[in-house]
Amino acid sequence: MVFYVLRRMVSAIAVMAMVGIFVFLLIRLAPGDPAAVLAGPAATEQMVANIREQLGLNDPLPVQFARWLLGMLGGDFGTSIFSGRLVLDLLAQRLEPTLSLSLLTLALSITVGVSFGILAAWRAGGLVDRLLLVFSAFGYSVPVFVIGYFLVYLLAIGTGWLPVQGYAPIGDGISRWFQHLILPTVTLSVPYIAFVARIARASMLEVLTEDYMRTAAAKGASSYAMLFHHALKNAGVPILTVIGLSFAYLIGGVVLSETVFNIPGIGRLVVDAINNRDYPIIQSVLILTSGLYVLINLAVDLAYTLIDPRIRY
């Protein structure tokens with residue numbers, strides 16, 4: 001196990017190095033000049049050149065990359081070009097809305113998705129199973145922003161039950177915090193519930209046809225014991241894999257949800273940074289989310305040993 005963890009950590013470091021190089025070059029190759037945006041439309045070429053020199057954008061790309069890498073390894077993710085504030089301070093300020101939305105979405109998606117998948121597999125071919133297939137096709141096909149606008153019209157504008165947009169910090173009260181997160185959480189959860197439910201259903205159907213399940217039924221095992229003590233444990237590996245992979249899709253979904261519902265989170269910060277060509281913010285967010293994704297996948301791989309003892313490293 002120790003050797004496996006060390007090997008995966010070395011692989012993670014290599015992946016993060018390639019991600020860092022790719023992110024740095026991709027941002028520099030994208031059209032747009034942060035100096036021109038910062039100078040304004042009325043600026044002269046000399047003014048733009050002076051700003052580029054002050055920002056260090058005239059240095060060779062290897063020099064810029066080395067400066068960014070050394071600073072990041074030392075805990076300095078740079079300073080925003082436009083606000084002049086430290087990037088880590090900006091991220092810390094926007095962390096609570098994004099973290100709240102992400103955790104609630106994951107909790108709802110996993111709970112409802114796995115439950116729907118188990119129920120559909122247990123009643124395969126029945127009404128619940130057919131409804132799940134229809135919902136999965138709908139949830140996985142309709143864009144997140146379309147679902148968001150529909151729910152806003154139905155539950156916020158049409159009835160006034162929920163706030164249309166915005167975010168209430170948790171310090172203002174759990175009730176207001178939760179009310180502002182219901183619509184974006186449900187909106188963002190729909191595709192993940194559909195995805196997790198489909199995989200859970202397929203995995204459970206495969207396990208329920210195994211010989212040991214028929215043996216357990218012949219011995220008089222209850223439905224609860226067959227589903228949760230036998231079937232779900234053996235079907236857990238693909239379900240856990242899907243949950244880990246869903247994090248990658250969640251990153252993009254958070255950006256859309258925060259834009260639709262005007263939530264001042266990290267997703268909105270990235271959108272504004274892209275519009276302004278704020279390199280330090282874009283680089284920092286991409287590298288941090290990539291590192292978090294690598295760590296989550298490593299945790300999922302390690303969890304396989306708890307679910308399936310047949311896995312050896």
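For the reader, a short list of remarks on this structure follows.
- Take every pair of alpha-carbon atoms less than 8 Å apart whose residues are at least six positions apart; their mean separation over the length of the stretch 37-112 yields a relative contact order of 14 percent.
- Projected label points at Arg214 and Ser83, each 7 Å from Cα along the beta carbon direction, are separated by 6.3 nanometres.
- Note on the chain: helix-only mean residue ellipticity at 222 nm, from DSSP H runs of 4+ residues weighted -39500 (n - 2.57) and normalised by residue number, equals -24500 deg cm²/dmol.
- Using the Karplus relation 6.51 cos²θ - 1.76 cosθ + 1.60 with θ = phi - 60°, the per-residue 3J(HN,Hα) values for the stretch 82-95 come to 9, 8, x, 9, 5, 4, 5, 5, 5, 5, 5, 5, 9, 6 Hz, with x marking Gly and Pro.
- Placing a label point 7 Å from the Cα of Phe138 along the Cα-to-Cβ direction, the residues of the stretch 152-175 whose backbone N falls under 18 Å from that point are 152-156.
- Two-site label geometry, Phe22 and Trp161: point separation in nm, points 7 Å out along Cα→Cβ: 4.2 nm
- Selected from Ser11, Met226, Ser246, residue furthest toward positive end of dipole (the chain; charges at beta carbon): Met226
- Shape category assigned to the chain from the gyration tensor of Cα positions, a/c cut at 1.5: oblate
- Percentage relative contact order, the stretch 142-281, counting C-alpha pairs under 8 Å, at least six apart: 29 percent
- Rounded Å value of the spacing that divides the Cα centres of the stretch 75-130 and the stretch 172-224: 16 Å
- For the chain, a Gaussian network of Cα nodes joined below 10 Å ranks Ala231, Ala197, Ala49 by mean-square fluctuation, and the top entry is Ala49.
- q = 0.21, 0.22 Å⁻¹: log10 I(q)/I(0) that the Debye formula gives for the stretch 1-81, counting C-alpha atoms only: -1.06, -1.12
- Heavy-atom accessible area, probed at 1.4 angstrom with all protein chains present, ranks Trp161, Trp68, Trp122 as Trp161, Trp122, Trp68, highest first.
- Förster radius 35 Å - calculated FRET efficiency between Ala202 and Gln93, Cβ distance, rounded to 0.05: 0.25
- Where Val37, Val300 fall by accessible area, highest first, once all protein chains stay in place (1.4 Å): Val37, Val300
- ³J(HN,Hα), Karplus 6.51/-1.76/1.60, whole Hz, each residue of the stretch 136-147, x for Gly, Pro: 5, 4, 5, x, 8, 9, 7, x, 4, 5, 5, 4
- The chain - percent relative contact order, Cα under 8 Å, separation 6 or more: 26 percent
- Heavy-atom SASA rank of Glu210, Glu258, Glu53 (probe 1.4 Å, accessible area, largest first): Glu53, Glu210, Glu258
- Rounded to the nearest 10 Å², the accessible area of Tyr153 at probe 1.4 Å: 150 Å²
- Per-residue 3J(HN,Hα) values for the stretch 32-39, derived from phi via the Karplus relation 6.51 cos²θ - 1.76 cosθ + 1.60 with θ = phi - 60°, read x, 10, x, 5, 5, 5, 5, 6 Hz in sequence order (x marks Gly and Pro).
The values are calculated or read from the model by the stated rules, or taken from the named source; none is laboratory data. Given the structure is predicted, the values throughout are model-derived calculations rather than measurements. Using ideal geometry, Cβ is built from the backbone for each residue, glycine included, and neighbour counts are taken over all protein chains shown. The accessibility values were calculated without ligands, DNA or RNA, using every heavy atom of the protein model including side chains. Shrake-Rupley method; radii C 1.70, N 1.55, O 1.52, S 1.80 Å.
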